[in-house]
Every structure is written in structure tokens, then in C-alpha cells.
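Here's the structure, in C-alpha cells; my notes come after.
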């Protein structure tokens with residue numbers, strides 16, 4: 001068996017090992033490759049920057065632990081930015097399996113920024129219905145969420161003062177890992193109740209959301225871990241996303257090299273087989 | 001550090017290693033972690049749904065606040081349960097009819113407005129721009145989504161892909177060129193989608209490895225190091241057992 005044939009039949013576990021090492025080594029010994037800020041991530045940042053103090057910011061954490069590595073850093077950065085701007089934060093989730101994690105991230109960042117529950121922020125928790133919840137919030141926020149996650153009645157909370165429905169929200173961002181997510185917030189929320197909407201999503205979903213961005217249906221998009229890293233740079237608080245960017249670049253490079261090598265070996269073995277066929281004839 | 005955090009770190013580390021063992025081959029450690037994941041997520045969903053829906057949204061408002069009108073949606077929901085009694089299963093159709101009717105009524109106009117009309121509006125935006133004082137202008141920037149050049153590329157892409165899926169005319173002559181152009185646009189779209197998918201999967205791996213590095217710290221009791229050793233040892237023992245069993249079976 002020639003070298004080319006051996007390489008084409010290489011044990012896939014060796015490839016797993018190569019990818020694993022390409023991820024692990026940059027995490028242990030970071031290089032600090034430069035990160036360029038994209039226009040779509042800047043769109044979300046600039047809009048939050050433009051909001052006045054006390055404006056209402058709605059953050060819908062529509063993901064579960066399976067998408068934590070990508071969307072958790074995004075939510076931390078957005079919450080830090082919103083709290084730093086002294087916005088009134090209304091957080092919720094449309095994914096039942098992400099309720100505990102969403103509560104944990106909101107509480108953790110609020111505590112870190114010295115914010116008070118009920119006054120500066122509220123976590124509404126989860127309510128059944130998916131898209132129906134968005135419609136319901138558009139008509140009456142208190143009908144959709146009569147109580148917050150801790151069971152406290154939402155009516156009368158200082159953070160919700162002057163907020164009756166989604167029409168009173170200054171800016172909303174959905175961090176979605178699927179459905180319901182960014183698209184549903186646009187279709188059943190922004191399109192009907194006319195509030196500004198931004199999005200954050202997993203890398204898998206990002207290409208599907210670019211048409212909404214181009215047409216101005218959403219004013220910004222944070223895509224995957226890369227988007228989270230850009231946002232961390234923008235708010236000048238580097239975290240897990242920035243730390244993972246070297247590893248991301250290294251694995252991408254490894255995959256590109258593997259694809260090129262695989263093609264070279266394939267064409268080499270094909271031409272050799274053709275030559276042998278001609279020689280045999 | 002609290003004991004909950006330490007226990008959480010050990011459990012998370014152990015389950016991560018157990019799942020990763022599948023990369024070597026299917027084994028009982030992977031099965032254990034997989035079944036635990038399914039069980040815990042289903043259990044969590046059931047408990048949260050029961051607490052939020054039954055207790056918070058139905059029981060408390062009816063019993064404590066006397067909101068008896070809630071019994072109407074409860075009754076419609078209960079009709080679904082008649083599916084379990086074959087003789088009364090037909091009653092559930094009323095509930096389904098209600099859900100399908102309301103769902104379609106809400107979704108169809110909104111979806112048409114958001115995904116068809118708005119996207120058509122964006123596709124047929126003017127190719128040339130009339131700037132006051134400058135007259136008709138054409139912008140070449142590929143980086144600006146609203147540039148004239150990008151508007152032309154999108155228009156060509158949309159038209160050629162639509163033509164590719166138009167099967168009433170044979171794709172020959174100029175039609176073949178248009179259809180081929182459509183295929184190229186589709187390939188670029190699939191490539192972009194696959195590239196993003198690779199990025200997303202790598203991000204998940206980075207997330208797990210970041211946690212494993214964090215949990216290798218002595219403040220957690222170094223679970224990453226201990227459990228890595230334990231997992232490898234278990235795999236070696238299992239591999240030896242299976243290799244010693246094989247000759248006997250033969």
C-alpha cells in the first residue's frame with residue numbers, strides 16, 4: 001500500500017486527536033491573534049450605546065445548555081453592557097430547558113455589576129407557548145408574565161414602570177439557538193409591535209439570519225463564539241470568547257490543511273490508478 | 001469554594017470525558033452519560049413545565065384569584081387527553097382544530113409579511129442610487145450590504161436559483177448558463193453554511209475544553225486530571241476484557 005493510499009485510509013481517531021490538540025494547545029498557550037470587529041456586531045453595540053439611561057432593554061435568552069459555549073459569553077457581554085449603561089433590563093427565556101441557566105447568568109452579572117433585582121432588572125423566567133408568548137407580551141406583558149421567576153408579582157415592579165407591552169421596549173435582543181428564537185421575535189414581535197430588534201445566534205444559524213440583517217429587519221447580529229469575542233472586545237471586557245479565538249483559528253487552519261491534503265492524496269491516487277490502468281492495457 | 005461548585009465540577013468533568021470516549025469507540029461509559037443526559041433533561045423539562053403551567057398559570061390564578069375563565073383553555077387542553085381513549089379520541093379533534101386554526105391564522109399573514117414581502121422588497125431595491133447633488137451613483141463596495149454591486153449580485157443570485165428550480169423549461173442553451181449560475185450560487189451558500197457549522201462545532205469543543213482546563217485547578221480537587229486517568233484506565237480494562245473474551249468465544 002502506497003503512502004497516498006495509507007493517508008486516505010487513515011484512522012479517523014488520529015484526525016480527532018489532531019483537532020483536539022489544535023484546540024487544546026492554543027487554549028493553554030494563547031497567542032492573542034487580532035480580532036476585527038464586524039459591522040453586524042457593531043450594529044447591536046452601537047444601538048445599546050445610543051440608548052439613554054433608564055431605557056428598557058429586553059433580553060430573551062432562547063437557548064439551553066447545549067449551546068452554552070456560544071451563547072453564554074454573548075449573554076454575559078450584553079448584560080454587562082446594558083448594566084453599565086444603566087438600562088432597565090427585562091430578561092426572559094422561551095426555552096424551558098434553559099430556564100435555570102438563564103437565571104444563573106442574569107443573577108451572576110447583575111450581582112457583579114451591583115444591580116438590584118426588581119429595581120434595575122427582572123428575570124421573568126419561562127412561559128409556555130413559544131411564539132404565543134411573544135404575541136401575548138405584545139398585548140399585555142403582565143398577562144404573559146403575571147409573576148417573575150421568583151414568584152414576585154410583576155405589576156408594580158420599579159423596573160417595569162411605564163412598560164405595558166412590547167411597544168414600550170426600547171430595544172430587544174434575542175439570543176437564539178433555534179426555534180423559537182430570533183426569527184420568531186421578528187415575525188411575531190418586531191414586525192407587529194414596532195420595536196428595535198437585534199439578534200445573537202449560534203454559528204449554525206447565522207447564515208440563515210443574514211437576509212434579515214441585510215433587509216434591516218434586525219439591526220445587528222452576533223454570530224457564534226466569534227461574535228461573542230467581538231462584543232467582548234467592544235465592551236473592553238475580555239472573557240471566555242476572546243480566550244477561545246486562538247483555538248478557533250487553529251482548528252480552522254487544521255481543517256483547511258486536512259481538506260487540501262485529502263484532495264491532493266485523492267487526485268494523486270487517482271492519477272496513479274489511471275497510469276497503472278494504461279500500463280496494464 | 002462551595003461544595004456544590006466542587007461537586008458540579010466533578011460531575012461535569014466526568015460526563016464530558018465519558019461522552020468524549022465515543023470518539024474512541026462506543027462503550028458503556030458513553031451510554032451512561034448519554035442516558036443520564038436524556039433523563040435529566042426530560043426530568044427537568046417535566047418539573048419546570050408542571051410548576052410553571054399547572055401551578056403558576058392554572059392552579060394559583062383559579063384557586064387564589066378566582067380567575068374562572070381559565071377553565072376554558074384548560075377544558076380545551078383536556079380534550080387532547082381523550083386521544084388515550086380510542087372510543088372518545090374523536091373529541092380531541094376539536095382541540096386540534098382550535099390549535100391549527102389559531103396557529104395558522106396567526107402565523108400565515110405574519111410569515112408572508114416578514115419572509116416573503118420584506119425579502120422581495122429587499123431584493124428589488126434600486127440598482128442605481130440618486131444622491132442629491134451628485135446625480136445617479138453606483139457604489140462598488142462589496143463590504144457594504146446596501147451597495148449597488150451587492151444589489152446586483154443578489155438579484156442575479158435570486159433569479160438564477162429560482163430558474164434552476166423552474167422545471168417546466170428544459171435547461172438548454174442560455175437557460176443552461178442561467179441554471180449553472182444558480183447552481184454556483186447554491187454551492188457558495190452551502191459552503192458558507194457548512195463553514196459556519198464547522199465553526200459552531202469547534203466552539204462547542206472549545207467550550208468543553210475551557211471548562212476542563214478550569215476544573216484541572218487544585219481548588220476543585222483537580223477533577224480533570226483524576227477523571228481523565230480514571231476514564232483511560234476504564235477504557236484499557238474494557239479493551240483487555242473484550243480482547244480476552246474474543247478468543248474464548250472463537
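The values are calculated or read from the model by the stated rules, or taken from the named source; none is laboratory data. Computed from a predicted structure; not experimentally measured. FYI the Cβ positions are ideal-geometry reconstructions off the backbone, even for glycines, and counts take in every protein chain you see.
Taking the conditions exactly as written (over 30 Å from residue B:76 (Cα atoms) and modelled with pLDDT of 90 or more), does residue B:128 satisfy them or not?
no
Take the residues in region A:258-278 that are within 39 Å of the chain's Cα centre (by Cα) and touching a residue at least 60 places away in the same chain (Cβ under 8 Å); name whichever of them is nearest to residue A:19 (Cα to Cα).
Per the criteria, the residue is A:258.
Quick test for you: out of A:147, A:102, A:132, pick the one residue that is surrounded by 22 or more Cβ atoms within 10 Å (Cβ to Cβ) and within 12 Å of chain B (Cβ to nearest Cβ). Lay out the reasoning, then the answer.
Values: A:147 fails: surrounded by 22 or more Cβ atoms within 10 Å (Cβ to Cβ); A:132 fails: surrounded by 22 or more Cβ atoms within 10 Å (Cβ to Cβ).
Among A:147, A:102, A:132, only A:102 is surrounded by 22 or more Cβ atoms within 10 Å (Cβ to Cβ) and within 12 Å of chain B (Cβ to nearest Cβ).
Between B:190, B:185, which is more than 22 Å from residue B:30 (Cα to Cα), more than 18 Å from the chain's Cα centre (by Cα) and part of a helix (DSSP H, G or I)?
Matching residue, one of B:190, B:185: B:185.
What is the residue count in region B:215-229 for residues that are assigned to a helix (DSSP H, G or I), closer than 18 Å to residue B:15 by Cα and free of Cβ contacts under 8 Å to residues at least 40 places away in the same chain?
3
Find all pairs meeting these conditions: Cβ atoms under 9 angstrom apart; at least six residues apart or on different chains; first residue within region B:116-144 and within 14 Å of chain A (Cβ to nearest Cβ); second residue at pLDDT below 75 and part of a loop (DSSP other than H, G, I, E, B).
Short answer, once both residue conditions are applied: B:125/B:146.
Grab the strands (runs of 3 or more DSSP E) fully contained in region A:161-260, keeping just those with 2 or more residues being under 24 Å from residue B:204 (Cα atoms) and more than 12 Å from chain B (Cβ to nearest Cβ). Talk me through it step by step, then tell me what you get.
Values: elements: A:171-176, A:196-201, A:221-223.
Of the strands (runs of 3 or more DSSP E) lying wholly inside region A:161-260, those with at least 2 residues that are under 24 Å from residue B:204 (Cα atoms) and more than 12 Å from chain B (Cβ to nearest Cβ) span A:171-176, A:196-201.
On the basis of being in contact with a helix residue (DSSP H, G or I) (Cβ under 6 Å, 6 or more places away or on another chain) and surrounded by 13 or more Cβ atoms within 10 Å (Cβ to Cβ), does residue B:212 make the cut?
yes
Could you please find all residues in region A:160-179 being touching a strand residue (DSSP E or B) at 6+ places or on another chain (Cβ under 6 Å) and under 19 Å from residue A:136 (Cβ atoms)?
Within region A:160-179, A:163, A:169, A:172, A:174, A:176 qualify.
Conditions first: (1) surrounded by 17 or more Cβ atoms within 10 Å (Cβ to Cβ); (2) at pLDDT below 95. Residue B:185 passes all but one, so which condition is the exception?
(2)
Going through region A:1-32 one residue at a time, which ones are within 14 Å of chain B (Cβ to nearest Cβ), under 25 Å from the mean Cα position of the chain (by Cα) and not in a helix (DSSP H, G or I)?
Hit for region A:1-32 is A:30, nothing else.
Residue A:54 passes all but one of (1) closer than 17 Å to residue A:113 by Cα; (2) surrounded by 23 or more Cβ atoms within 10 Å (Cβ to Cβ); which number fails?
Among (1) closer than 17 Å to residue A:113 by Cα; (2) surrounded by 23 or more Cβ atoms within 10 Å (Cβ to Cβ), residue A:54 violates only (2).
Within region B:167-182, can you find the residues that are touching a helix residue (DSSP H, G or I) at 6+ places or on another chain (Cβ under 6 Å) and either part of a helix (DSSP H, G or I) or touching a residue at least 24 places away in the same chain (Cβ under 8 Å) (or both)?
Listed by number, the residues that qualify are B:178, B:179, B:181, B:182.
Go through the residues of region A:107-119 one by one and say whether even a single one is more than 11 Å from chain B (Cβ to nearest Cβ), in contact with a helix residue (DSSP H, G or I) (Cβ under 9 Å, 6 or more places away or on another chain), at pLDDT 95 or above and buried (at least 24 other Cβ atoms within 10 Å of the Cβ).
No - not one qualifying residue is present in region A:107-119.
A quick yes/no check of all residues on (1) under 19 Å from the mean Cα position of the chain (by Cα); (2) more than 19 Å from residue A:55 (Cα to Cα):
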residue	(1), (2)
A:145	no, yes
A:193	no, no
A:197	yes, no
A:203	yes, yes
A:210	yes, yes
A:214	yes, yes
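Just the residues that are more than 13 Å from every other protein chain (Cβ to nearest Cβ) and touching a residue at least 40 places away in the same chain (Cβ under 8 Å), please, taken from region A:38-52.
Here is the first cut: in region A:38-52, the residues more than 13 Å from every other protein chain (Cβ to nearest Cβ) are A:41, A:44-52.
Passing the criteria: A:41, A:44, A:45, A:46, A:47, A:48, A:51.
Of all the residues that make up region B:9-47, how many are in a helix (DSSP H, G or I) and within 11 Å of another protein chain (Cβ to nearest Cβ)?
13
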